[in-house]
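K.L.:
What follows is a structure written as structure tokens; I'll ask about it next.
The values are calculated or read from the model by the stated rules, or taken from the named source; none is laboratory data. Quantities reported herein were computed from a predicted structural model and do not represent experimental measurements. In this analysis, Cβ positions are derived from the backbone assuming ideal geometry, glycine residues included, and neighbour counts consider all displayed protein chains. Note: areas computed on protein heavy atoms with side chains; ligands, DNA, RNA excluded. Shrake-Rupley method; radii C 1.70, N 1.55, O 1.52, S 1.80 Å.
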Amino acid sequence: MDLVLSKEAIDNIINVLDEDLLRGGADCVLLVDRSGNLIVNRGDPANLDVVALAALSAANFGATAEIAKLIGEDDFALLFHKGKNENIHFTKVGKGFILITLFGKEVSLGLIRLNTAKVTETLIPILGGEQ
Amino acid sequence: MSFIDLSKNEVQCKIVYYGPGRGGKTTNLLYLHQAMTEAVRGKMVTIDTKGDRTLFFDFLPLALGKIQGLSIKIQLYTVPGQVMYNATRKLVLKGVDGIVFVADSLKVQKEKNVESLENLRQNLAEDNLDIKEVPLVLQFNKRDLGGSNIPILTVEEMEEDMNSELQVPWFSGSALKGDGVFETLREISKRTVKYVSRKLLSR
Ligand SMILES: Nc1nc2c(ncn2[C@@H]2O[C@H](COP(=O)(O)OP(=O)(O)O)[C@@H](O)[C@H]2O)c(=O)[nH]1
Ligand SMILES: [Mg+2]
């Protein structure tokens with residue numbers, strides 16, 4: 001259950017997030033676990049309380065998973081909230097993690113989807129597989 | 001579940017304040033929040049509080065310094081105590097590393113305390129956790145009401161109701177006045193960190 005990540009693993013994660021998401025236009029990216037721990041955050045989180053965001057996102061994802069069960073789904077693979085200027089996109093990474101991407105209105109949702117899907121594939125083995 | 005970041009030598013653990021509705025869980029966090037400096041605590045988040053009922057959870061992150069070179073970060077959560085919110089309680093319990101059970105000293109809450117503890121045991125069991133293995137401390141809250149005209153339980157009675165089988169450390173407290181709040185936190189933090197590191201060593 002518990003997660004221990006080496007410096008190399010963390011560096012790997014940072015590289016993937018920077019290369020594929022920040023360079024692709026995201027403002028900020030967080031990797032959190034589903035109990036609310038913040039694993040890595042990248043980008044410009046000025047004025048953003050990343051610790052609270054991690055806890056709330058895990059809870060939000062958990063609540064949504066319960067909604068999924070009510071309609072006969074296991075889980076939702078992604079969630080998206082659209083704001084006036086800033087959007088937030090959540091992707092499930094394996095069973096235990098969530099990738100949170102914040103991006104502005106000038107970035108297309110399609111691009112974010114494509115990039116988060118790619119990142120998710122790369123992250124799963126680093127985080128110890130699908131479990 | 002705890003998370004250890006070896007690039008920062010940091011461990012993050014999740015501690016949940018559990019117990020019957022209106023027992024004083026939120027008040028514990030509020031007290032800690034106002035008594036600690038900003039260097040130690042992050043922002044407290046309270047979700048959807050209608051009246052003074054916690055509908056989802058409260059959240060307070062703390063940085064408790066270093067133990068053997070490892071920085072300890074602790075996230076405190078409270079659950080909603082009302083019986084009908086069990087789905088929410090299960091969600092908040094997900095990945096828990098340590099639990100403070102806040103019991104209400106009011107005599108009228110005698111049964112509610114026991115029910116809530118039983119509910120905790122069941123919810124943990126559903127997650128394959130044994131209440132006897134997870135770090136747990138009890139807090140008998142609202143002791144400040146002793147001597148008032150409100151009937152309260154004796155600590156002996158509370159021990160017998162809740163701790164005869166578990167045999168875990170317990171503290172008398174008044175979250176409202178801050179009595180016992182730090183003692184409770186210190187004990188559960190110590191136990192949680194020990195538990196997490198023991199699990200890690202046995203990997
Ligand atoms: N007298 C007294 N009242 C308390 C104490 N702790 C909490 N309360 C009161 O009990 C009520 C419920 O407390 P709250 O923290 O919201 O309970 P929760 O439902 O467990 O989160 C509030 O009105 C508090 O002010 C205490 O130690 N002594
Ligand atoms: Mg509360």
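K.L.:
Being of a type outside the set (Lys, Arg) and touching a Leu at 6+ places or on another chain (Cβ under 6 Å), is that true of even one residue in segment B:106-122? First the steps, then the outcome.
P.N.:
Initial filter on segment B:106-122 (of a type outside the set (Lys, Arg)): B:106, B:108-109, B:111, B:113-120, B:122.
Next, from what is left, pick out any that are touching a Leu at 6+ places or on another chain (Cβ under 6 Å): none.
So far as segment B:106-122 goes, no, none of its residues is of a type outside the set (Lys, Arg) and touching a Leu at 6+ places or on another chain (Cβ under 6 Å).
K.L.:
Could I ask something else about it? Just the residues that are modelled with pLDDT of 85 or more and open to solvent by 30 Å² or more (accessible area, probe 1.4 Å), please, taken from segment B:72-86.
P.N.:
Matches in segment B:72-86: B:Lys73, B:Asn86.
K.L.:
Looking at (1) in contact with a Ser or Thr (Cβ under 6 Å, 6 or more places away or on another chain); (2) in contact (Cβ under 8 Å) with a residue 60 or more places away in the chain, which one does B:Arg143 not meet, given that it meets all the others?
P.N.:
(2) is the only condition that B:Arg143 fails.
Residues are listed down the side, and each one gets a yes or a no for (1) over 25 Å from A:Ala52 (Cβ atoms); (2) modelled with pLDDT of 95 or more; (3) open to solvent by 20 Å² or more (accessible area, probe 1.4 Å):
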| position | (1), (2), (3) |
| --- | --- |
| B:Leu62 | no, yes, no |
| B:Arg89 | no, no, no |
| B:Asp104 | yes, yes, no |
| B:Lys110 | yes, yes, yes |
| B:Ser148 | yes, no, yes |
| B:Glu159 | yes, yes, yes |
| B:Leu166 | yes, yes, yes |
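K.L.:
Also: What are the pairs with Cβ atoms under 6 angstrom where one residue, in segment B:73-99, is within 26 Å of A:Ile39 (Cβ to Cβ) and at the interface with chain A (Cβ under 8 Å from one of its Cβ atoms) and the other, located anywhere, is open to solvent by less than 10 Å² (accessible area, probe 1.4 Å) and charged (D, E, K, R)? Sequence gap at least six, or different chains.
P.N.:
B:Gln75/B:Lys14; B:Gly95/B:Lys14; B:Val96/B:Lys14
K.L.:
Collect the residues in segment B:1-52 that are β-branched (Val, Ile, Thr), within 11 Å of ligand 2 (Cβ to nearest atom), within 14 Å of chain A (Cβ to nearest Cβ) and not in a strand (DSSP E or B), keeping them in residue-number order.
P.N.:
First, pick out the residues of segment B:1-52 that are β-branched (Val, Ile, Thr): B:4, B:11, B:15-16, B:26-27, B:37, B:40, B:45-47, B:49.
Still in the list and also within 11 Å of ligand 2 (Cβ to nearest atom): B:26-27, B:46-47, B:49.
From what's left, within 14 Å of chain A (Cβ to nearest Cβ): B:46-47.
B:Ile47, the sole residue that qualifies.
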